[in-house]
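The values are calculated or read from the model by the stated rules, or taken from the named source; none is laboratory data. All values reported here derive from a predicted model rather than from experimental measurement. Please note: Cβ atoms are built from the backbone with ideal geometry, for glycine as well, and neighbour counts cover all protein chains shown. Note: accessible area is taken over every heavy atom of the protein model, side chains too, but ligands, DNA and RNA are not part of it. Shrake-Rupley method; radii C 1.70, N 1.55, O 1.52, S 1.80 Å.
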Amino acid sequence: MSEPVFDLQSLQGQTVRGLIDHWAGEKPDDVYLVDPNSSTETSFLQLQKRCRALSKYLHDAGLTTGETVGYAFHNGVDAAVAILAIMYGGYTATAINLVSGKQTISHVLNHSAARLVLCQEKTLPLLTEAAPEKDKNEFLLLSALNLADDAAEPDDAINAQDDALLMYTSGTTGVPKGVVHTHASLLAGGGNAVLAHQLTERDRGLCVLPLYHINGLCVTLLGSLVSGSSLVVPDRFSVSAFWGTIRRNQCSWFSVVPTQISYLLQEAENNGHDPSGLEVLRFGRSASAPLSPDVQTAFEERFNVPIIETMGLTETAAQILSNPIDGTRKIGSPGIAFGNEVIIADDHQNEVSHGREGEVLVRGHNVMKLYRNNDEATTASLTPNKWLRTGDLGRMDDEGYVFITGRLKELIIKGGENIAPREIDEALYSHPDVVEAAAFPRECKQYGQKVEAGVMIRVGSDLNVEQLYKICEDRLGKFKSPEVIHVLPELPKGPSGKIQRLKIADMTA
């Protein structure tokens, strides 16, 4: 495979607008986006025209460069174009996670100060329910906008260090933190995927991860833009349609999370698998959560497709580590650094020797600018010499491969989604008869981890577990809610009186 066509070093001076204009000029008729349901294609020139039209609409609506514009979309070509158009116009695209629960969506809408939110008919009710106090005119149905056919390039200049994305990620406090990325850091993140996976203009990816997550946005959408290649964007991940979509559109790669890999394996075991027509497929990549070595081996043996395990964070515009396309792939490791520096460090952020455990630190152009309106969290995460503390524990072998051994932060990772235990705690504590509550992860073959919780209920209360399930689903959404709630006489505590989450898992095994 030849080197990527796009010069990755030049990305630091580039913007999303500049990159779209570059490809629209270099190869206007080449396909960038494909809708597999309708088989319609969007060329780079069409992308440019649509971005200019939507950015003009936002400008005429009174927005100024740098303002935040929310997006609440299920996947699809229109969603992909709208997100890029927000950035093209010089605005900060603000992702609304559709499965995060009403309380989190309300927090994001308020904390981001987004004056307008682009949405779809099927996402509009979620927004109005999460933020009933907001003016309904702030929520714009993308399909209802009257966009110009021949809008010119925006008058307002933008540069690589301008804000381009605001995406919220869970933290140990349970309050989502707003990660701010510039055009430079976003494109560096996409460039890291291009570098690691040797993407060229000849490639065609399949995007089945949501574009309100950093993985789907940076790796597939921006990785394809950086490399000048094409991307197939269905409206959702479908186990039954997955291989047919790859076959009909001749996709050369795809990006999934471990949960989806398990689903595909189960489908093949139940209904078989037709390997014909997949000769163009080079690889699949796995990210967002550790991939079980047993599952990876079973997938590769079943489908004869190599799975490239990787690792990334919202704060790093996705990928920081990847197993190489050409070279040794080490099962159980997310690989080596591509496009950024990664070290294992001690408590003072000094690099430790190979084989020793420490915190994984990363430094590079893909690292976030800051956490929005949160100086304390920014200072805690970004060291003076620009290392980002990931909160992951790991070790590095003599060849530079990293092996993740645990987490400093108390995050539950379910199907690639970060869930802060305190979010669940607070939902449970919202009932006055709950005396003690603590959420914890339980290993799960389907999701990697699932959410469970232990509670102590006030003596004499008639509160039942079904009521607690309902409280959690109303506040957090079903995905983040505990699958099992254990009612205990008392929760285990350490010498200081702090509840010990992991001991609850042992007690209830």
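Odds and ends about this structure:
- Residue in the stretch 278-289 that is farther than 15 Å from F254 by Cβ, touching a strand residue (DSSP E or B) at 6+ places or on another chain (Cβ under 6 Å), at pLDDT below 90 and not acidic (D, E) present: yes
- Answer from G90, G66, G62 - the residue that is at positive phi, open to solvent by 10 Å² or more (accessible area, probe 1.4 Å) and within 25 Å of the chain's Cα centre (by Cα): G66
- Considering the stretch 220-329, the qualifying helices (runs of 4 or more DSSP H), each wholly inside and each with 1 or more residues that are under 18 Å from T200 (Cα atoms), run over 223-227, 242-249.
- Every condition in (1) within 30 Å of G244 (Cβ to Cβ); (2) crowded, with 24+ Cβ neighbours inside 10 Å holds for H183 except the one numbered (1).
- The stretch 290-317, subset touching a helix residue (DSSP H, G or I) at 6+ places or on another chain (Cβ under 9 Å) and polar (S, T, N, Q), residue nearest to K369 (Cα to Cα): T316
- Scanning the stretch 389-411 for residues that are closer than 18 Å to K177 by Cα and touching a Ser or Thr at 6+ places or on another chain (Cβ under 6 Å) turns up R389, K409, E410.
- Members of the stretch 432-442 that are open to solvent by 40 Å² or more (accessible area, probe 1.4 Å) and either modelled with pLDDT under 90 or closer than 24 Å to H107 by Cα (or both): P432, V435
- Looking only at residues in the stretch 400-427 that are assigned to a strand (DSSP E or B) and touching a Lys or Arg at 6+ places or on another chain (Cβ under 7 Å), the one that is most open to solvent (accessible area, probe 1.4 Å) is T405.
- Residue satisfying condition, being more than 30 Å from D375 (Cβ to Cβ), modelled with pLDDT under 95 and outside any helix (DSSP H, G or I), within set D156, D149: D149
- For the residues I246, I261, the requirement of being β-branched (V, I, T) and touching a helix residue (DSSP H, G or I) at 6+ places or on another chain (Cβ under 6 Å) singles out I261.
- Qualifying residue in the stretch 347-360 (condition: buried (at least 16 other Cβ atoms within 10 Å of the Cβ) and either closer than 20 Å to T297 by Cβ or of a type in the set (S, T, N, Q) (or both)): no
- The listed residues are S2, S10, and the only one of them that is modelled with pLDDT under 95, in a helix (DSSP H, G or I) and either within 29 Å of V280 (Cα to Cα) or hydroxyl-bearing (S, T, Y) (or both) turns out to be S10.
- Selection within the stretch 447-476 - of a type in the set (F, W, Y) and assigned to a helix (DSSP H, G or I): Y469
- The stretch 413-434: number of residues that are farther than 15 Å from E473 by Cβ, of a type in the set (A, V, I, L, M) and under 15 Å from the mean Cα position of the chain (by Cα): 1
- Within the stretch 458-508, restricting attention to residues that are of a type in the set (K, R) and modelled with pLDDT under 90, the residue that is most open to solvent (accessible area, probe 1.4 Å) is K498.
- Lone unmet requirement of (1) over 19 Å from S255 (Cβ atoms); (2) at pLDDT 95 or above; (3) open to solvent by less than 60 Å² (accessible area, probe 1.4 Å); (4) in a loop (DSSP other than H, G, I, E, B) for N366: (1)
- I83 hydrophobic (A, V, I, L, M, F, W, C) and out of contact with any helix residue (DSSP H, G or I) (no Cβ under 6 Å at 6 or more places or on another chain): yes
- So G272, is it in contact with a helix residue (DSSP H, G or I) (Cβ under 7 Å, 6 or more places away or on another chain) and farther than 30 Å from L11 by Cβ: no
- Cβ pairs under 7 Å, 6+ apart, first in the stretch 178-192 and polar (S, T, N, Q), second assigned to a strand (DSSP E or B) and open to solvent by 10 Å² or more (accessible area, probe 1.4 Å): T182/D163
- Qualifying residue in the stretch 52-59 (condition: open to solvent by less than 40 Å² (accessible area, probe 1.4 Å), more than 17 Å from Q120 (Cα to Cα) and assigned to a helix (DSSP H, G or I)): yes
- Subset of the stretch 371-397 [under 23 Å from I412 (Cα atoms), open to solvent by 20 Å² or more (accessible area, probe 1.4 Å) and assigned to a strand (DSSP E or B)]: L382, R389, L393, R395
- Residues of the stretch 443-457 that are touching a residue at least 40 places away in the same chain (Cβ under 8 Å) and either under 30 Å from F299 (Cα atoms) or open to solvent by 30 Å² or more (accessible area, probe 1.4 Å) (or both): K445, Q446, Y447, G448, Q449, E452.
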